[in-house]
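Structure first, then comments.
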Amino acid sequence: MDNKKPINLTLKVWRQQNTNSDGKFVEYDAKTVSPDASFLEMLDAVNEEIIKKGDEPISFDHDCREGICGSCGFMINGNAHGPQKGTTICQLHMRNFKDGEKLVLEPWSAKAFPIMKDLMVDRTAFDRIISSGGFISTNTGSAAEANSTPIPKPDADEAFLSAACIGCGACVASCKNASAALFTSAKISHLAHLPQGAVEKDKRALDMVAQMDAEGFGACTSTGACSAACPKEISLINIAKMNREYLRASITKKQEMAGGGEG
Amino acid sequence: MLDFLKSTVGRKYIMGLTGLVWMGFVLAHMAGNMLILFSTDAFNAYGHAIVSNKPLLFVAETVLLLTLIVHVTTAISLTIENRAAKKSRYAVQPTGVKSTSWASRNMGFQGSLILCFIILHLITFKYGAHYETTVNGVVMRDLAKLMFEVFTQPGYVIWYVVCLILLMFHLSHGVHSVFQSFGFLERKMQAGLKTFAWIYALIVVGGFLSQPLYVFFIHQ
Ligand code: HEM
Ligand code: SF4
Ligand code: FES
């Protein structure tokens, strides 16, 4: 796109002091925004103006600004991470917007993600899901030669695609049920595809689904909103894999037995 | 196993399993009823054959009733929890590549009307006026006569058309969703499944729609 003309926007931003206070929308002007700026750079400039006026700047999460850490994210006109597919908000550029557009910015909405301030939500529920089973317990030592553990290419590919999840929470945010199925299933299927992860796959599926439910996320109704909003385009087939892993694990649940060795 | 049935994932298997029973039923019910387009005697004889096989009828009716009750109660429990999990709706709804289908977002609404429909439908036909006729020397219920009576009334025809269109949407999403719920979904199936679900929905609903419309516009 050659059009380098700066644009002007109106932002309607959700402002909320803390988790327990009531929030409201406040309007701001974003003037002479370069189409080359990222969405967060545009917000930085708006914040400068707010600070100059002596008001409190808009809070939003961010860290790497490279689309890899999963910190950023909020809703732009009802779209998690904005209108462009496969993009985090930090990698979204202002050339995607037209001069004079009005953008409504809202924080992720989910009971399990309480609002901390403005556009920032508390996503520690995701951390607790990961701690419930999103890991392997064996010590793999220092990095081994990559090909010493043979993994069929299709499995390695699927594992890599699932491992791309950055834990941003857009899947929950875009889902009308605030379901964490895509996030949870990405981790379950990532590890189940690999020999290092497969030994614990039953326990992992049971524990992670139980934690996901305990956190108060809703159930999946296969609307596909999650995968459409996901900056890493995690596929719905992960949810299918989680469901069958969970079913199998529920049926074949093993018990630890006395006299089975000290382990 | 109790944990499984209480979990969100387990209840999806229940929704899917019970939905699958009804998916099969609506297809068979539609196919059988197509006889009305060709011969009233054949249609009545078909209905008679079904009610004459008492043990089979009992099993089929019990399975259908139980699966419907489970489908509806599970739908209610999931819908309540899902609403609670979403703290508030956004001020703006998504459009474009990140939007979802109307059918997938309104399964509960469609289902509720389908439930009303099923109840009224049973009152109208199963427990409706009992006429008799004789086909090949056998005295049997004249359901065709009742059907002609009902579907010559515009109000009934409109109600049927509306409910069937909702069923079409319910199936167009449900038939594809059930594969994901059951864990059958694979990467290469994704696009084909949506098409399959729509074809299934259109066959069932197209067939059903032809019956009242035939009676209303052609038969009389
Ligand atoms: C002819 C009758 C019906 C058929 C063939 C049918 C079929 C289905 C199927 C196949 C699904 C997808 C399940 C899955 O994703 O695993 C589904 C979901 C659903 N059905 Fe039905 N259904 C019928 C009647 C009803 C009724 C009477 C209601 C309720 C009041 C209802 C409410 C729902 C809801 C809310 C869902 C979405 C639940 C979810 O995805 O978790 N359905 N249905
Ligand atoms: S699945 Fe996608 S949308 Fe969900 S947390 Fe992971 S990267 Fe974000
Ligand atoms: S700030 Fe790291 S992904 Fe956006």
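The values are calculated or read from the model by the stated rules, or taken from the named source; none is laboratory data. Everything quoted here is computed from the prediction, not taken from an experiment. No Cβ is skipped: glycine too gets one built from the backbone with ideal geometry, and neighbour counts run over all protein chains shown. Surface accessibility is based on the protein's heavy atoms, side chains included, excluding ligands, DNA and RNA. Shrake-Rupley method; radii C 1.70, N 1.55, O 1.52, S 1.80 Å.
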Checklist entry - For chain B, what is the calculated [θ] at 222 nm in deg cm²/dmol (nearest 500), taking -39500 (n - 2.57) for each run of four or more DSSP H residues and dividing by its residue count? => result -24000 deg cm²/dmol
Checklist entry - For segment B:60-107, what log10 I(q)/I(0) values come out of the Debye formula at q = 0.28 1/Å, with one point per alpha carbon and no solvent? => result -1.08
Checklist entry - When Rg is the radius of gyration of the Cα atoms in the protein assembly as shown and Rh is its Kirkwood radius, what does Rg/Rh come to? => result 1.07
Item to check | Residues of type lysines that B:Lys145 reaches as a straight line, Cα spacing below 22 Å, ignoring anything fewer than 8 places off in the same chain | outcome: B:Lys126
Checklist entry - Counting Lys and Arg as +1 and Asp and Glu as -1, each charge on the Cβ, what is the dipole of chain A about the Cα centre in debye, to the nearest 20? => result 640
Checklist entry - Relative to the longest principal Cα axis of chain A, at what angle does helix A:201-214 sit, 0 to 90 degrees, rounded to 10? => result 40
Next on the checklist: Before I look further, what does segment B:2-219 give for accessible area per residue, probe 1.4 Å, in whole square angstrom?
Outcome noted: 53
Checklist entry - Hey, what number do you get for chain A at 222 nm if only DSSP H runs of n ≥ 4 count, each worth -39500 (n - 2.57), divided across all residues, to the nearest 500? => result -9500 deg cm²/dmol
Checklist entry - Under the Karplus relation 6.51 cos²θ - 1.76 cosθ + 1.60, θ = phi - 60°, what is the ordered set of whole-Hz ³J(HN,Hα) values for segment A:81-90, x standing for Gly and Pro? => result 6, x, x, 8, 5, x, 9, 7, 5, 6
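Please give the charge dipole size of segment B:2-219, origin at the Cα centre, charges +1 on K and R Cβ atoms and -1 on D and E Cβ atoms. Round to the nearest 20 debye. Spell out each step's value before the answer.
Working: 16 positive and 8 negative charges, 226 e Å.
Computed charge dipole of segment B:2-219: roughly 1080 debye.
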Item to check | Spatial separation of Cα centroids for segment B:128-191 and segment A:144-189, in angstrom | outcome: 41
Checklist entry - In terms of Cα to Cα distance under 17 Å, which lysines are near enough to A:Lys241, apart from those fewer than 8 places away along the same chain? => result A:Lys187, A:Lys201, A:Lys203, B:Lys12, B:Lys188
Item to check | 24 Å Cα-Cα reach of A:Lys102 towards lysines, excluding residues that sit fewer than 8 places from it in its own chain | outcome: A:Lys4, A:Lys5, A:Lys12, A:Lys24, A:Lys31, A:Lys52, A:Lys53, A:Lys85, A:Lys117, A:Lys176, B:Lys98
Checklist entry - Going by alpha carbons, how many degrees (0 to 90, nearest 10) lie between the helix axis of A:237-251 and the longest principal axis of chain A? => result 40
Checklist outcome for this item: With x for Gly and Pro, the residue-by-residue ³J(HN,Hα) of segment A:116-131, computed from phi through the Karplus equation 6.51 cos²θ - 1.76 cosθ + 1.60 at θ = phi - 60° and given in whole Hz, is 8, 6, 6, 9, 9, 10, 8, 9, 5, 4, 5, 4, 5, 5, 5, 5
Next on the checklist: Excluding ligands, DNA and RNA, what is the accessible area buried between chains A and B, summed over both sides, using a 1.4 Å probe, to the nearest 100 Å²?
Outcome noted: 3800
Checklist entry - What size of dipole, in debye to the nearest 20, comes out for the protein assembly as shown about its Cα centre when the only charges are +1 on Lys and Arg C-beta atoms and -1 on Asp and Glu C-beta atoms? => result 640
Item to check | Folded to 0 to 90 degrees: helix B:8-33 orientation relative to chain B principal axis, Cα | outcome: 20
Checklist entry - Roughly how many Å² of B:Val59 are accessible to a 1.4 Å probe, to the nearest 10? => result 80
